[in-house]
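Taking it in order: structure first as structure tokens, then the write-up.
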Ligand SMILES: *Cc1c(COP(=O)(O)O)cnc(C)c1O
């Protein structure tokens with residue numbers, strides 16, 4: 001048996017689209033395929049404006065600029081997340097304030113977020129772990145009370161829903177990832193979703209090196225010039241061409257991952273019933289996942305290490321996830337923890353992600369479950 005943790009895939013005319021883009025001679029950003037991706041995201045997710053970027057990291061960096069932060073301003077976020085969530089804001093001189101997660105969803109605890117607000121707080125960054133939506137109604141109400149910007153890190157959340165709305169299209173800004181480990185992929189890739197009208201014009205400007213190029217091409221201004229800070233965040237048309245083929249099949253991609261995740265939950269149910277491990281609980285009311293990842297929680301870190309080694313010896317690559325940012329060297333230097341983070345510390349030591357990718361088969365899932373069962377029998 002050889003089951004990698006992830007495997008990049010094609011599902012439609014990715015390569016034909018790239019060949020067409022080359023033939024048509026538009027290889028720089030925002031060509032016909034990229035514009036089709038923008039339209040797809042705007043229509044399917046319901047955001048005001050979608051802009052492709054090189055990565056979710058790049059989208060978060062753009063969002064951090066749009067938050068207009070001064071050095072020492074605070075940004076509330078979970079510690080249980082990828083480094084880019086925090087790094088984007090540290091680059092602007094802001095201080096990440098790390099808040100604990102809820103034990104049921106592993107998402108930012110909205111009650112603790114409310115307690116972490118200070119006069120310096122400017123933004124909140126909910127991270128939708130595993131494509132399961134954060135408690136957005138409570139977080140948006142909190143932001144409204146304190147005049148904060150909400151930037152959703154929806155890197156894992158494509159087409160997943162919270163109370164009928166798509167993740168990334170609920171906060172003032174949202175960030176998606178199309179990295180090859182996510183559901184819909186383009187190798188590296190991402191998008192900034194602008195949901196609040198007041199950020200649209202500036203988002204276009206900072207993405208195009210601080211120029212008003214987009215307005216110029218629409219005939220809205222008669223000169224194209226440098227008007228703000230910015231960088232080059234738009235991806236090549238080759239990325240847009242690949243991505244468009246995947247976006248058009250995003251529902252099928254998510255459906256397949258949800259089937260595989262359900263197969264894991266079923267296959268591991270007997271072990272969970274005996275208390276040997278736990279599988280994710282049912283998503284909260286009104287929250288629809290997208291099968292982004294499947295994890296189990298083991299009793300302790302030693303059991304996890306032993307299980308990783310056991311699976312590796314059988315050709316199965318299972319991996320743990322985040323080292324909490326508040327305990328990382330840079331997290332300690334640039335951020336601070338809002339009190340103790342017991343759930344983050346507990347969960348990050350016991351969580352194990354099992355292989356989950358588009359081309360994984362039900363038989364392979366059954367074999368992985370069998371290998372996990374064998375570990376507990378031995
Ligand atoms: C993958 C991921 C990112 C980074 O995405 P890139 O496209 O690789 O930059 C950021 N945040 C979270 C929560 C992620 O899962």
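We did not get these values from a lab; they are worked out from the coordinates using the rules stated. Only a predicted model underlies this, so the values are computations on that prediction, with no experimental measurement involved. In this analysis, Cβ positions are derived from the backbone assuming ideal geometry, glycine residues included, and neighbour counts consider all displayed protein chains.
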By DSSP, what percent of the beta bridges with both residues in the chain are antiparallel, rounded to the nearest 5? 60
Expressed as a whole number of Å, what is the distance separating the alpha-carbon centroids of segment 210-270 and segment 1-32? 13
Cα extents of segment 255-347 along the three principal axes, largest first, in whole Å? 42, 39, 25
Taking 343, 316 and counting other beta carbon atoms within 10 angstrom, the fewest-first order is 343, 316
Where the centroid of each part is defined by its Cα atoms, how far is segment 137-184 from segment 278-298 in Å? 17
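Could you compute Rg(Cα) / (2.2 N^0.38 Å) for the chain, with N its residue count? Could you put the intermediate results ahead of the total?
Working: Rg = 21.0 Å, N = 378, 2.2 N^0.38 = 21.0 Å.
Its radius of gyration relative to the 2.2 N^0.38 Å reference: 1.00.
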Counting other beta carbons within 10 Å of each Cβ, put 295, 224 in order, fewest first. 224, 295
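Sequence gap at least 6, Cα distance under 8 Å: using those rules, report the relative contact order of the chain to the nearest whole percent. All intermediate terms of the calculation are to be shown ahead of the outcome.
Numbers: 809 pairs, mean separation 88.8, N = 378.
It comes to 23 percent, rounded to a whole number.
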Roughly how compact is segment 1-106, stated as its Cα Rg over 2.2 N^0.38 Å to two decimals? 1.44
Compute the angle between helix 362-377 and the longest alpha-carbon principal axis of the chain, please, reported from 0 to 90 degrees and rounded to the nearest 10. 50
Degrees between helix 32-45 axis and first principal axis of the chain (Cα, 0 to 90, nearest 10): 60
Between the helical axis of 250-273 and the dominant principal axis of the chain, each derived from Cα atoms, what acute angle in degrees is found, rounded to the nearest 10? 30
Counting only C-alpha contacts under 8 Å and six or more residues apart, can you give the relative contact order of segment 250-377 as a whole percent? 36
For 128, 172, 310, what's the fewest-to-most ordering of other Cβ within 10 Å of each Cβ? 310, 172, 128
